[in-house]
Amino acid sequence: MSAVPEPSTPPPAPPRTVEVSAFQAAGRLRGFVVSGRWPASTLEWVKFLVVAVRVASVPGLLPMTTVFRVREELPDDPQPETVGVVLAEGTFAGQDALPPGHFAGHQPPGLLVLHPPSETRPSLPEHDGVASGCVLLPGIPHLGLDHRAGWVQADHTGTVTTMIGRAGIDPKDDADTAVLAMLLAA
């Protein structure tokens with residue numbers, strides 16, 4: 001009597017990757033399309049920020065410090081696999097300045113701020129053309145969900161001079177996270 005072979009189960013599918021595509025309008029960076037899946041950890045958000053900062057370091061693409069909002073809503077006529085967008089919302093100062101509490105009505109899952117090279121002091125003096133950025137992933141501390149954040153400095157050649165990710169941050173301890181938290185506060 002011969003044994004009937006057990007049917008083999010296919011190996012599990014590899015996890016979907018986070019894919020990021022920048023888009024611009026009128027020669028200015030307007031945001032990023034996120035495909036595949038959203039970043040699932042602080043480290044993945046910091047890696048997303050590395051891509052965003054590299055794009056922001058391209059001369060002329062980001063003329064001034066800009067705040068970007070994570071939006072889970074799909075754009076009109078999205079490409080397959082699109083999960084959402086990260087859109088430019090405004091600036092910290094000037095005519096496009098966002099007022100305190102701008103995002104209080106519908107708190108986004110994350111905010112980013114990108115600083116162009118003209119508004120970034122490089123962490124290493126031998127680098128120039130370095131842009132920087134910060135991502136704030138707001139938590140609900142009284143429910144045990146800590147605020148998380150990441151900071152990156154990089155240039156358009158791919159050189160990353162700073163990359164930090166932290167959980168359990170107090171937003172007021174850093175200028176970027178303090179301003180982003182102010183935009184979220186009611």
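When the residues of the range 141-174 are filtered to those that are crowded, with 17+ Cβ neighbours inside 10 Å and aliphatic (A, V, I, L, M), the one that is modelled with the lowest pLDDT is Ile169. Just wondering, is there one or more residues in the range 108-126 that are under 16 Å from Val55 (Cα atoms), part of a loop (DSSP other than H, G, I, E, B) and modelled with pLDDT of 90 or more? Yes, the range 108-126 contains a residue that is under 16 Å from Val55 (Cα atoms), part of a loop (DSSP other than H, G, I, E, B) and modelled with pLDDT of 90 or more. Condition first: free of Cβ contacts under 8 Å to residues at least 60 places away in the same chain and more than 16 Å from the chain's Cα centre (by Cα). Now tell me which residues in the range 43-72 satisfy that. The answer is Gly60, Leu61, Pro63, Met64.
The number of residues in the range 60-74 being assigned to a loop (DSSP other than H, G, I, E, B) and either buried (at least 16 other Cβ atoms within 10 Å of the Cβ) or in contact with a strand residue (DSSP E or B) (Cβ under 8 Å, 6 or more places away or on another chain) (or both) comes to 8.
Taking (1) in contact with a strand residue (DSSP E or B) (Cβ under 6 Å, 6 or more places away or on another chain); (2) farther than 22 Å from Val160 by Cβ in turn, Ala104 satisfies each apart from (1). One residue stands out in the range 75-100 among those that are assigned to a strand (DSSP E or B) and closer than 19 Å to Ala56 by Cβ: the one that is nearest to the chain's Cα centre (by Cα), namely Val86.
The values are calculated or read from the model by the stated rules, or taken from the named source; none is laboratory data. This one's a predicted model, so the numbers in the text were calculated from it and none came from an experiment. Note that we place each Cβ from the backbone using ideal geometry, even for glycine, and neighbour counts take in every protein chain shown.
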